[in-house]
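Below you will find the structure I want to go over with you.
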Amino acid sequence: MNGKKVQKKQPPKLPTRSIQFDLFSQFVTNDEREVSNAIELWDSIPKYFLTPHQVSKLRTPTGHADPYKWEFSHNGKPCAVKIQPALIEQVNGSYKAFFPGVTEELVEEALKKILADSQCGFHDADNSETWVSFTLRMVDKELKSRKRTRSITEIRHAIEVMNKCNIAYYINGNEAWSGAILQDLVTVGRDEFLANQDARHVARLPVFISKSINQLGGRQFNLDRYLACGEQLTRWIYKQLINRFKQASQMNSYHFMYSDIKESGLLQQTREIDNRRKVISSLDELVAEEVLSSYTSDIRKNGRRIVDVKFTVFASNEFVKEQKAANKRSKDAVAVTYTNKKSF
């Protein structure tokens, strides 16, 4: 390290027009308020699985904590994520380590919804940079309207954690990316930040989101239904279905293994039977929220020991409609970009 302070990037002063961002901000729906964008690769990286109890065990007596590493796979490739916690100054002047958790997950979804508003999103297609402009009150309104209320203090804290933590993403043992969930946060002074809920903040989003916008990879999904799911594991499975069960219909099904769900980081009970019960509870919640119509489980054993479970899920009528709308939106976006390329 040379001791030099790394200079923050600055957001664009004026919105940069791009057809990719225009398409990212448009949805195929009768109610644009209820839908948002899923970002397949970024959503697949486990970031929010550590519970407050786990975090407290990771902290040293001084309140600090070492980075936490978790291995998983994506599209058959061995991957890993290393999460370096945010060190947040406390009232007494000491510093305490915080890992991103449920509140940060919910705030990110609110910010991605705010991003889709053309007045709040800035996208530079040439440099693969995407910025979101927001106030704490805007985030509060998004969450409150979907019955996932958090206090302004909790939202403010989440923003700080998302800006000061670091996520390192590895593929085949090699670091592919490293950065914060909210990068280059441009905000007002600390005192005003603490006092003013309507002060404007601008943050640069991870390159995964920018590249997804450039490649027309954002997938439309029902944000209201997603946030209505109370369990974090339920929301994780729902996101996997959104990104992978694209051809959902009454004539087909989708299956996955219990071992696949273990990679989410959200199954860390002492007994495997309790982890399996947690999966069943989440699938039941997906049925209750009309994402699934039903599901079956096929237990795989080695002797008397359960080694895995195959879950087969069947889409509800509502989920089928939502996936068809998402497919149409993706198809329309490709057609628009193709037409525009031919016009030059």
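Six or more apart or on different chains, Cβ atoms under 8 Å: show the pairs whose first residue is in the stretch 59-81 and over 23 Å from ILE261 (Cα atoms) and whose second is of a type in the set (Phe, Trp, Tyr) and in a loop (DSSP other than H, G, I, E, B).
Filtered contacts from the stretch 59-81: ALA65/PHE99.
Give the stretch 53-78 a look and list any residue that's hydroxyl-bearing (Ser, Thr, Tyr) and assigned to a helix (DSSP H, G or I), or say none. Even if it seems obvious, please write down each step before you answer.
Of the residues in the stretch 53-78, the ones hydroxyl-bearing (Ser, Thr, Tyr) are 56, 60, 62, 68, 73.
Once the filter is applied, which keeps residues that are hydroxyl-bearing (Ser, Thr, Tyr) and assigned to a helix (DSSP H, G or I), the stretch 53-78 yields only SER56.
Specify the residue that is farthest from the chain's Cα centre (by Cα); the eligible residues are those in the stretch 85-127 that are of a type in the set (Ser, Thr, Tyr) and closer than 23 Å to GLY63 by Cβ.
Just the residues of the stretch 85-127 that are of a type in the set (Ser, Thr, Tyr), to begin with: 94-95, 103, 118.
In the following step, the residues that additionally are closer than 23 Å to GLY63 by Cβ were identified as 94-95, 103.
Values: SER94: 30, TYR95: 27, THR103: 11 Å.
Looking at residues that are of a type in the set (Ser, Thr, Tyr) and closer than 23 Å to GLY63 by Cβ, I get SER94.
Confirm whether GLU154 is without any contact (Cβ under 8 Å) to a residue 60 or more places away in the chain and farther than 27 Å from GLN240 by Cα.
Values: without any contact (Cβ under 8 Å) to a residue 60 or more places away in the chain: yes; farther than 27 Å from GLN240 by Cα: yes.
The answer is yes for GLU154.
What pairs come up if the first residue lies in the stretch 130-143 and is under 19 Å from ILE39 (Cα atoms) and in the same structural domain as GLN20 (by TED's automatic domain parsing), the second is of a type in the set (Phe, Trp, Tyr) and in a helix (DSSP H, G or I), and their beta carbons are under 8 Å apart, counting only those six or more places apart or on different chains?
THR130/PHE21
Also, quick follow-up: From the residues in the stretch 259-279 that are of a type in the set (Val, Ile, Thr) and surrounded by 16 or more Cβ atoms within 10 Å (Cβ to Cβ), which one is nearest to THR296 (Cα to Cα)? I'd like the intermediate steps shown before the answer.
As a first pass, look at the stretch 259-279 and keep what is of a type in the set (Val, Ile, Thr): 261, 270, 273, 279.
Going one step further and asking which of them are surrounded by 16 or more Cβ atoms within 10 Å (Cβ to Cβ), we end up with 261, 279.
Values: ILE261: 16, VAL279: 12 Å.
The qualifying residue nearest to THR296 (Cα to Cα) is VAL279.
So, one more: Restrict the check to the stretch 99-120 and report whether at least one residue is in contact with a helix residue (DSSP H, G or I) (Cβ under 7 Å, 6 or more places away or on another chain), buried (at least 20 other Cβ atoms within 10 Å of the Cβ), in the same structural domain as ASP66 (by TED's automatic domain parsing) and farther than 28 Å from SER264 by Cβ.
Scanning the stretch 99-120, I find at least one residue that is in contact with a helix residue (DSSP H, G or I) (Cβ under 7 Å, 6 or more places away or on another chain), buried (at least 20 other Cβ atoms within 10 Å of the Cβ), in the same structural domain as ASP66 (by TED's automatic domain parsing) and farther than 28 Å from SER264 by Cβ, so the answer is yes.
Let me ask another. Can you pull out the helices (runs of 4 or more DSSP H) entirely within the stretch 232-320 that have at least 2 residues that are more than 23 Å from THR29 (Cα to Cα) and touching a helix residue (DSSP H, G or I) at 6+ places or on another chain (Cβ under 6 Å)? Reasoning before the result, please.
Working: elements: 232-244, 258-262, 272-288.
Ranges flagged: 232-244, 272-288.
In addition: Out of (1) surrounded by 14 or more Cβ atoms within 10 Å (Cβ to Cβ); (2) polar (S, T, N, Q); (3) within 29 Å of TYR170 (Cβ to Cβ), what's the single condition that is false for SER133?
(3)
Does ALA125 satisfy the condition of being more than 14 Å from CYS165 (Cβ to Cβ), among the small types (Gly, Ala, Ser), in the same structural domain as ALA199 (by TED's automatic domain parsing) and touching a residue at least 40 places away in the same chain (Cβ under 8 Å)?
On the way: more than 14 Å from CYS165 (Cβ to Cβ): yes; among the small types (Gly, Ala, Ser): yes; in the same structural domain as ALA199 (by TED's automatic domain parsing): yes; touching a residue at least 40 places away in the same chain (Cβ under 8 Å): yes.
So ALA125 passes the test.
Let me ask something else. State whether one or more residues within the stretch 73-85 are farther than 20 Å from ASP43 by Cα, crowded, with 17+ Cβ neighbours inside 10 Å and small (Gly, Ala, Ser).
So the first thing to find is which residues in the stretch 73-85 are farther than 20 Å from ASP43 by Cα, and the list is none.
Within the stretch 73-85 (the criterion being farther than 20 Å from ASP43 by Cα, crowded, with 17+ Cβ neighbours inside 10 Å and small (Gly, Ala, Ser)), the answer is no, since none of the residues qualifies.
Here's something else I'd like to know. With respect to VAL81, is the statement that it is among the β-branched types (Val, Ile, Thr) and either outside the structural domain of LYS144 (by TED's automatic domain parsing) or part of a loop (DSSP other than H, G, I, E, B) (or both) true? Step through it out loud before you land on a result.
Numbers: among the β-branched types (Val, Ile, Thr): yes; either outside the structural domain of LYS144 (by TED's automatic domain parsing) or part of a loop (DSSP other than H, G, I, E, B) (or both): no.
In short, no.
When you check PRO46 against the structure, is it surrounded by 13 or more Cβ atoms within 10 Å (Cβ to Cβ) and either closer than 22 Å to VAL139 by Cβ or charged (D, E, K, R) (or both), yes or no?
Values: surrounded by 13 or more Cβ atoms within 10 Å (Cβ to Cβ): yes; either closer than 22 Å to VAL139 by Cβ or charged (D, E, K, R) (or both): no.
So PRO46 does not fit the description; no.
Moving to a separate point now. Does ASN214 satisfy the condition of being in contact (Cβ under 8 Å) with a residue 60 or more places away in the chain, in the same structural domain as VAL313 (by TED's automatic domain parsing), surrounded by 15 or more Cβ atoms within 10 Å (Cβ to Cβ) and in contact with a strand residue (DSSP E or B) (Cβ under 9 Å, 6 or more places away or on another chain)? Steps first, please.
Working: in contact (Cβ under 8 Å) with a residue 60 or more places away in the chain: yes; in the same structural domain as VAL313 (by TED's automatic domain parsing): no; surrounded by 15 or more Cβ atoms within 10 Å (Cβ to Cβ): yes; in contact with a strand residue (DSSP E or B) (Cβ under 9 Å, 6 or more places away or on another chain): yes.
When the stated conditions are applied, ASN214 does not pass them.
Now a separate question. Take the residues in the stretch 301-324 that are of a type in the set (Val, Ile, Thr) and without any contact (Cβ under 8 Å) to a residue 60 or more places away in the chain, then tell me which one is nearest to ILE242 (Cα to Cα).
Top of the filtered list is THR312.
The values are calculated or read from the model by the stated rules, or taken from the named source; none is laboratory data. If you're wondering where the values come from, they're calculated on a predicted model, not measured in any experiment. Here the Cβ is made from the backbone with ideal geometry for all residues, glycine too, and neighbour counts use every protein chain on show.
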